[in-house]
Amino acid sequence: MRDERAEGRDGRKRRSSSVGRRRKKKYRVKKRFFVFLLILILCLAGMVRCTVHRLTDGDSSPDGGSTGFDGIGADGSEGGSVQRTAIASTEAWKLTLVNKTHRLPEDYTVETAAIAGDTAGHTFDARAVDSLNRMLADAKEAGLDVMVCSAYRTIEYQENLIAAQVAKYVAQGLSQAEAEARTATEIIEPGASEHNLGLAVDLVARSYQTLDAAQASTAENQWLLANCTRYGFILRYPDGKQEITGIIYEPWHFRYVGEAAASEIMEQGLCLEEYLGQN
Ligand SMILES: [Zn+2]
């Protein structure tokens, strides 16, 4: 193909016009095939990435356990009318799906950076931290006091959390199996929380630091909801999507997906699973 192109470009080998036409046509067909192949490869790469990262997530306490699961898995998005034009133009890492069927590999690592002005020392994916910092700075500028209560959590942190909880229950008299089963209903498995990815952040109003549905009535949360797409963020676990996400309504949990995808997702009232057409 490169030969054909080079030949066309420098015109060294011109034969008859019909040969030229044939070649042009052939070139067009080849070009189309190449574009198709490229798109196919990109799609496959995305699928492989999502498959490698088996999913699950949720949280309902700052930097700790999670009791987010409200429903059992869902059986699919509505498909069809969903607009997904941003997927093709968005780098794959921004749209990595992490949920109960797409878990991150145990050795997953990501380069993180400190969140500006966060005295608690939370970190975020270094590729997206500037967007988060801008969102927080603009919220402050608007007179709001948004507080980060959780961001990136290492898988090791999640493992330690689970081990400590199991040990606590064993000390209380439960068998190892009972303790593990009970812990599993309270703390999400390592790699199954979106916080392990580095692109999720829990944001609350300093005046109301409780992680419950009432967080949505704070001025801080309303501002975030109205403006998050400008910085590439979505509300990851919206009300009414529990059956699909497997996570309760979490008005505090925001996920970075990039500006283009964020607008499409929020404007269409979707959750990430629906947007990606995956569960
Ligand atoms: Zn969260």
### Query
Quick one: is GLU250 farther than 17 Å from LEU197 by Cα, in the same structural domain as ASP125 (by TED's automatic domain parsing) and away from the ligand (no atom under 13 Å from the Cβ)?
no
### Query
Pick from LEU97, LEU104, LEU132: which is out of contact with any His (no Cβ under 9 Å at 6 or more places or on another chain) and in contact (Cβ under 8 Å) with a residue 40 or more places away in the chain?
LEU132
### Summary
From the option list ASP145, ASP125, ASP130, ASP138, single residue qualifying as modelled with pLDDT of 95 or more, within 16 Å of the ligand (Cβ to nearest atom) and assigned by TED's automatic domain parsing to the domain that holds TYR256 is ASP125
### Message
Condition first: under 25 Å from THR112 (Cβ atoms), out of contact with any strand residue (DSSP E or B) (no Cβ under 9 Å at 6 or more places or on another chain) and not small (Gly, Ala, Ser). Can you find one or more residues in the range 199-218 that meet it?
### Response
no
## Note on the structure
Filtering the range 181-209 down to residues that are at pLDDT 95 or above and among the acidic types (Asp, Glu) yields ASP202
### Query
How about the range 91-202: which helices (runs of 4 or more DSSP H) wholly inside it have at least 1 residues that are touching a Lys or Arg at 6+ places or on another chain (Cβ under 7 Å) and open to solvent by less than 40 Å² (accessible area, probe 1.4 Å)?
155-171
### Query
Looking at the range 222-231, is at least one residue open to solvent by 10 Å² or more (accessible area, probe 1.4 Å), at positive phi and at pLDDT 95 or above?
no
### Summary
The number of residues in the range 233-274 that are more than 20 Å from ARG127 (Cβ to Cβ) and of a type in the set (Phe, Trp, Tyr) is 3
### Task
Could you please let me know if THR210 is within 24 Å of ASP125 (Cα to Cα) and open to solvent by 40 Å² or more (accessible area, probe 1.4 Å)?
no
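The values are calculated or read from the model by the stated rules, or taken from the named source; none is laboratory data. Model, not experiment: these values are computed from the prediction. Neighbour counts run over all protein chains shown; Cβ positions are idealised from the backbone, glycine included. Only protein heavy atoms, including side chains, enter the accessible area calculation; ligands, DNA and RNA are left aside. Shrake-Rupley method; radii C 1.70, N 1.55, O 1.52, S 1.80 Å.
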